[in-house]
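Report on one structure; see the data block that follows.
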Amino acid sequence: MMFNEDFDGRGDPTMFEPYWKKMGDKGTMVISGSQWMSYVSDFTNICFFMEPEFEGAVRRLHRTVGNAVVDGRHIVVGTGSTQLYQAALYALTSPGGAEPISVVSAAPYYSSYPDETDYLRSGLYRWAGDAYAFDKKGHGDYIEVVNTPNNPDGTNRKAVVKHRPDDQVQGKLIHDLAYYWPQYTAITAPLDEDIMYFTFSKSTGHAGSRIGWAIVKDKEIAKKMAKFVELSTLGVSKVSQHRAAKLMEVICDGYQNCKAKNCELFFEHCQNLMAQRWERLREVVERSEIFSLPKYPKEYCLFSGEFNEPHPAFAWLKCKEDIDLEKFIRGCIKVQGRTGRKFGSDQKYLRLSMLSKDEVFDQFLERLSTIKAISNGY
Ligand code: PMP
């Protein structure tokens, strides 16, 4: 048996399901046949299709966690943060330029950026690969996507392409903060970048609702992003927006009402699960002698008030020998990861999801622990 969709590296966050099962009716929503029928939510908002309850819940969640500045900032809702990435590219470019603007990100970068950037062959922008390599060339306008903590390798990042007045380089930044939540990493500051986006998929685990949101400083950029969402999908599911609002409120109510009462608070609960998985994975990898994992320094987390070690959503497994690790792992233990090559990196790296269901993760570890050596002709 090849196993499993979770391990094709997609990072489907199904490990959070048991938490929401435990929450029982707190997360349940009943919707009548006449609710949320209109395209419109509020014509006075830049984002006319955004439900006020959703916007309110997003702002409350960020104030509770302290991971992003929301006061005085514009919120734009999207069908997943995938749509907001494209909306941001659209908003940062303008028609009529001689050349499409280069889009870069430091390797290893999220494997979907190249495809999402180029699949429509836009005349506005085009994928230009590794930000480090672009820096060396030192020419042309660009957009840099900063994904922190980074998918696939879990590192904390800052923009790498320097502004060079001599070269007339005009850099614009997009911050993809899908994993800047306490279960994955220490919250070291409320971030306050020009364009930041987050996703319901990785924060609470509800990838199927297809909800993302951007926090934007500049009103005109926010308007252009909302315009993109309007043109591509004429808004975002209101049912999903309400579901997201409801579950964000469940999390925030937890922090407001039951911190002292020994409740199972979402982020602490998930942080413990991630810590346990990482500890078990590290044990197996250390015993193997042929694989290694990145080490992450502890950092002070303003949210928990403790020094925390990061527990990324993906394991960035490295083989000590220069082999095609994806092929080797698939052949040896029938586990499908995603090769480092897809992230602008090397074949001896493999990205594996840490967010699968318990039984899938257990099986994966069991199988990984059976690999003792690299056999010839793997
Ligand atoms: N950015 C990063 C870094 C991701 O890993 C993902 C999901 N794998 C996304 C964006 C897209 O998430 P979604 O469209 O579900 O919000």
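The values are calculated or read from the model by the stated rules, or taken from the named source; none is laboratory data. These numbers were taken from a predicted model, which means no experiment stands behind them. Using ideal geometry, Cβ is built from the backbone for each residue, glycine included, and neighbour counts are taken over all protein chains shown. Please note that ligands, DNA and RNA were not included when accessible areas were found on the heavy atoms of the full protein model with its side chains. Shrake-Rupley method; radii C 1.70, N 1.55, O 1.52, S 1.80 Å.
Applying the set (1) open to solvent by 10 Å² or more (accessible area, probe 1.4 Å); (2) of a type in the set (A, V, I, L, M); (3) over 23 Å from G154 (Cβ atoms); (4) within 15 Å of the ligand (Cβ to nearest atom) to L124 leaves exactly one unmet item: (4). Within region 59-82, one or more residues are in a helix (DSSP H, G or I), in contact (Cβ under 8 Å) with a residue 40 or more places away in the chain and of a type in the set (A, V, I, L, M, F, W, C). In the set (1) within 16 Å of the ligand (Cβ to nearest atom); (2) free of Cβ contacts under 8 Å to residues at least 40 places away in the same chain; (3) in contact with a Phe, Trp or Tyr (Cβ under 6 Å, 6 or more places away or on another chain), the condition left unmet by K318 is number (1). Restricting region 200-212 to residues that are within 19 Å of Y113 (Cβ to Cβ) and buried (at least 24 other Cβ atoms within 10 Å of the Cβ) leaves a set whose member that is farthest from the ligand (Cβ to nearest atom) is K202. Here A189 meets each of (1) farther than 20 Å from Q86 by Cα; (2) within 16 Å of the ligand (Cβ to nearest atom) with one exception, condition (2).
From the list F48, F54, pick out the single residue that is farther than 27 Å from Q183 by Cβ, away from the ligand (no atom under 14 Å from the Cβ) and either in a helix (DSSP H, G or I) or touching a Phe, Trp or Tyr at 6+ places or on another chain (Cβ under 9 Å) (or both). Quick ask: steps written out before the conclusion?
Working: F54 fails: farther than 27 Å from Q183 by Cβ.
Testing whether each residue is farther than 27 Å from Q183 by Cβ, away from the ligand (no atom under 14 Å from the Cβ) and either in a helix (DSSP H, G or I) or touching a Phe, Trp or Tyr at 6+ places or on another chain (Cβ under 9 Å) (or both) leaves just F48.
Residues that are open to solvent by 50 Å² or more (accessible area, probe 1.4 Å) and without any contact (Cβ under 8 Å) to a residue 24 or more places away in the chain within region 333-345 comprise just one, R341. Within the option set A159, A131, A91, being more than 30 Å from N308 (Cβ to Cβ) and either surrounded by fewer than 18 Cβ atoms within 10 Å (Cβ to Cβ) or small (G, A, S) (or both) holds for one residue only, A91.
Limited to region 11-32, what total is found for residues that are assigned to a loop (DSSP other than H, G, I, E, B) and open to solvent by 80 Å² or more (accessible area, probe 1.4 Å)?
Taking region 11-32 as the starting set, the residues that turn out to be assigned to a loop (DSSP other than H, G, I, E, B) are 11-13, 23, 28-32.
Within this subset, residues satisfying the condition of being open to solvent by 80 Å² or more (accessible area, probe 1.4 Å) are 30.
Here the count works out to 1.
Contact annotation: residue pairs with Cβ atoms under 8 Å, 6 or more positions apart or on different chains, pairing a residue in region 21-47 that is more than 30 Å from R73 (Cβ to Cβ) with a partner that is part of a loop (DSSP other than H, G, I, E, B) and open to solvent by 50 Å² or more (accessible area, probe 1.4 Å), are K22/E264.
Open to solvent by 20 Å² or more (accessible area, probe 1.4 Å), modelled with pLDDT of 95 or more and away from the ligand (no atom under 16 Å from the Cβ), is that true of Y110? No.
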